[in-house]
1. What is the residue count in the stretch B:160-182 for residues that are more than 10 Å from chain A (Cβ to nearest Cβ) and either surrounded by fewer than 24 Cβ atoms within 10 Å (Cβ to Cβ) or free of Cβ contacts under 8 Å to residues at least 12 places away in the same chain (or both)?
2. In the set B:T330, B:T286, B:T308, which member is part of a strand (DSSP E or B) and not hydrophobic (A, V, I, L, M, F, W, C)?
3. Among the residues of the stretch B:402-430, which ones are among the acidic types (D, E) and either surrounded by 14 or more Cβ atoms within 10 Å (Cβ to Cβ) or under 17 Å from B:G384 (Cβ atoms) (or both)?
4. Quick check on my filter: what residues within the stretch B:259-283 are part of a strand (DSSP E or B) and within 12 Å of chain A (Cβ to nearest Cβ)?
5. When the residues of the stretch A:191-209 are filtered to those that are free of Cβ contacts under 8 Å to residues at least 40 places away in the same chain and over 19 Å from B:S46 (Cβ atoms), which remaining residue is nearest to the other protein chains (Cβ to nearest Cβ)?
6. For the stretch B:227-263: of the residues being among the β-branched types (V, I, T) and in contact with a His (Cβ under 9 Å, 6 or more places away or on another chain), which is nearest to B:R312 (Cα to Cα)?
Number of protein chains: 2
Amino acid sequence: MHPADVDAFFAVRGALDPEAYLELDLTFECVGDPRAAAAHLASEQSTAQWKRVGIDEDFRPRYAAKVVALDCSPLPAGFSVPMAGLPAGPVHACRVTLAHPHGNFGPRLPNLLSAVLGEGMFYAPGIPIVRLEDIRFPASYLAGFEGPQFGIAGLRDRLHAFGRPIFFGVIKPNIGLPPEPFAELGYQGWIGGLDIAKDDEMLADAGYSPLAERARLLGALRRRAEQETGAPKIYLANITDEVDRLAHNHDLVVAAGANAVMVNAMPVGVSGVRALRRQARVPLVTHFPFIAPMSRVAGYGVHTRVFTKLQRLAGADVVIMPGFGPRMFTPEAEVLANVQACLEPMGPIAPCLPVPGGSDSAATIEGVHRRLGTVDFGFVPGRGVFGHPLGPTAGAMSLRQAWDAIAEGTPVADYAKRHAELDAALRAFG
Amino acid sequence: MHPADVDAFFAVRGALDPEAYLELDLTFECVGDPRAAAAHLASEQSTAQWKRVGIDEDFRPRYAAKVVALDCSPLPAGFSVPMAGLPAGPVHACRVTLAHPHGNFGPRLPNLLSAVLGEGMFYAPGIPIVRLEDIRFPASYLAGFEGPQFGIAGLRDRLHAFGRPIFFGVIKPNIGLPPEPFAELGYQGWIGGLDIAKDDEMLADAGYSPLAERARLLGALRRRAEQETGAPKIYLANITDEVDRLAHNHDLVVAAGANAVMVNAMPVGVSGVRALRRQARVPLVTHFPFIAPMSRVAGYGVHTRVFTKLQRLAGADVVIMPGFGPRMFTPEAEVLANVQACLEPMGPIAPCLPVPGGSDSAATIEGVHRRLGTVDFGFVPGRGVFGHPLGPTAGAMSLRQAWDAIAEGTPVADYAKRHAELDAALRAFG
């Protein structure tokens, strides 16, 4: 790229109309001049060829992505991520902020993904390693989206659950278990104090557990649990399926008695989530499979908070995400960034409930609550309820007992001395 | 995991019904006993909890994924990919083949992705680094899919193009260019010999280029080019949009004169591709943005051929993929594996046309053809046609001249001495 053309992809942030641009925070590693590399990155994701041959025109002023901040330093040890075909030469590591004109594609999630995580991002000359760390949307762009229909407030209203976390439980076992005993497990969890008994994200409309029958049985037992406990309950049905089946599945399970639906966001696509949001009459929950392959490598791919923001934008009322603990391979700061992406102000887009999950039980809730510093979260054990040695009712009771201890300021271990279910949970899972 | 439970996740391949299982080839790096790690991987993506508490039952024989091949060796230097929170301990690198029972989820792409690329794959204890290298489907699973509607044979019939590559051109510039001059460029390309003039994958239904107007103008000029050249031509419209707009966009552009449609496969989701396939009346082309973040790191994520197979399964007639050359950061063997994934036998699923692209021109076609060893491919320059110094008609002519040279066995450089357009292309791009 000619030096004058490099300059054309740089801009002073204050000179741009902030409502016309998304902001992208990226890191990258490159060979060659880092300033030219940043310009290439901006060019490739927007006006890669900015004029016709032989015509005096220039689409860059209005349509080019622009570098508004760039900070680079040499990387003496070379590229930091193993890849085939890394180019040779001195390597620089850079942080860059791009302003990307969203009028190029509009408030459409697949076109947004194509622009900011597509060929222009990952095939810029000299930049084999690049990571999208964050994305920020101006109000003018957010106005094109519906966002969550119920949000945290709507979910709390439905559950009559205020000033505390929402207690989910993933019914286990699930793969292979027929609907009748599966529903009975859900009932036992509700009776013990679960707000929401949910399908595992891998449980589909399968031969051994047809979705319609599962929803019918769980719907009936949900209503029974509501009568017996006097508290509203939710059966959260996993309706993940081909995108042209989601609306049908929603109607089917809601008619049968499910009162919230879950889809796996990236497997159906965030656009599939948005389409479902437009038709859903119950809270919409998204789950996280198929994000880790893009997000776990240090310095490459996409930070998970970008996908959390997209799920919120698409209209998820609840976002289930990798939580704390070594099993989830997710640094604490990353979990917190994702929780923040659910709760922070986002123009007209309502907050959604963050549910950081992974190997949880009554033994972990105190730590999760302390790290998050809020009651606006969902807590989602699987084995911690359904693998409790005294059964699912006791498993759910152990969660509520742990929370009662936290709420009254008693150490959970002390409270366990007077509560057998909590005591058993701490012994089994602590 | 107890040693007896580890054993329960191993099986002899010949003892399993091959029609009941998908096969997954994986590599992973782990701490702890590699055999137990492989069992965890199988368990987490299927029957993670295989019985109820207090009940004598076992879902593993029928529903568990099983290890059918495992080969591990110590990795003295430790984990090979930089990540936060890598567990401590001696590291092994393994190759494993899993047999995964597809009855767990059925012929549904989002559920397939959730099972084989979800939480069970990327959150197995002790296995932070894992890559899905390949996937194989039995006939019983393929029977649940439609596959390509036209395929290579149908596309050749429509274009009257036999025994040679299909010549695509990406109209450039596109971001910012209004429909009238954009359509004129496409016309110039067709006149010069392009079979297919196409929208860039980043060109959406945008204010500066409304999809309906673009399709109307290109449809009219396509018909004019067909009359003037006597050869069928295709305008390939990028209809990438929210998934619940794809059928509408298809109908809109086809009515206006487009005779093939393109979507960005991962941004709309492979399930969105499949839904569109069910409604499409013209060839369906998929493009590759949003795959690189999952596929480029050595040893982690997913090999691109898995996504090529899924696009074919979803019904893409043409798959545009990263091609040869340093700019695409794709090893030659990976390009060839993706081409093979389009062309190899796949039960009742028709072959689709592979289009390996990236910085192509008349100067690269000889090398692409030699490496592929077949004429069943699409060739897709952008700048190589629309940045040709003598204009798009000469750019397209230069491609056909280069192919004529190859077809008659003349070195392209020699042929260029008698063909000014080819000569100019070799000077500009060679």
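The values are calculated or read from the model by the stated rules, or taken from the named source; none is laboratory data. Please read all numbers here as calculations on a predicted model, not as lab measurements. All Cβ positions, glycine included, derive from the backbone under ideal geometry; neighbour counts span all protein chains shown.
1. Here the count works out to 10.
2. Numbers: B:T330 fails: part of a strand (DSSP E or B); B:T308 fails: part of a strand (DSSP E or B).
One residue alone meets the criteria, B:T286.
3. Step one: filter the stretch B:402-430 for residues among the acidic types (D, E), giving B:404, B:408, B:414, B:421, B:423.
B:D404, B:E421, B:D423 - these are the residues of the stretch B:402-430 that are among the acidic types (D, E) and either surrounded by 14 or more Cβ atoms within 10 Å (Cβ to Cβ) or under 17 Å from B:G384 (Cβ atoms) (or both).
4. Applying the first criterion (part of a strand (DSSP E or B)) to the stretch B:259-283 yields B:260-264.
Listed by number, the residues that qualify are B:M262, B:V263, B:N264.
5. Looking at the filtered set, the residue picked out is A:A197.
6. Let us first name the residues in the stretch B:227-263 that are among the β-branched types (V, I, T), namely B:229, B:234, B:239-240, B:243, B:253-254, B:261, B:263.
Going one step further and asking which of them are in contact with a His (Cβ under 9 Å, 6 or more places away or on another chain), we end up with B:239-240, B:261, B:263.
Working: B:I239: 19, B:T240: 18, B:V261: 15, B:V263: 13 Å.
Top of the filtered list is B:V263.
Let's see how each residue does on (1) assigned by TED's automatic domain parsing to the domain that holds B:G358; (2) on the phi > 0 side of the Ramachandran plot; (3) in contact (Cβ under 8 Å) with a residue 40 or more places away in the chain:
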site: B:V263; (1), (2), (3): yes, no, no
site: B:M266; (1), (2), (3): yes, no, yes
site: B:S271; (1), (2), (3): yes, no, yes
site: B:R278; (1), (2), (3): yes, no, yes
site: B:A292; (1), (2), (3): yes, no, no
site: B:R296; (1), (2), (3): yes, no, no
site: B:G301; (1), (2), (3): yes, yes, yes
site: B:Q311; (1), (2), (3): yes, no, yes
site: B:G325; (1), (2), (3): yes, yes, no
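Here's the yes/no breakdown for (1) out of contact with any helix residue (DSSP H, G or I) (no Cβ under 7 Å at 6 or more places or on another chain); (2) touching a residue at least 40 places away in the same chain (Cβ under 8 Å); (3) not aromatic (F, W, Y):
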| residue | (1), (2), (3) |
| --- | --- |
| A:E23 | yes, yes, yes |
| A:G32 | yes, yes, yes |
| A:R35 | no, no, yes |
| A:K51 | yes, no, yes |
| A:R60 | no, yes, yes |
| A:Y63 | no, yes, no |
| A:K66 | no, yes, yes |
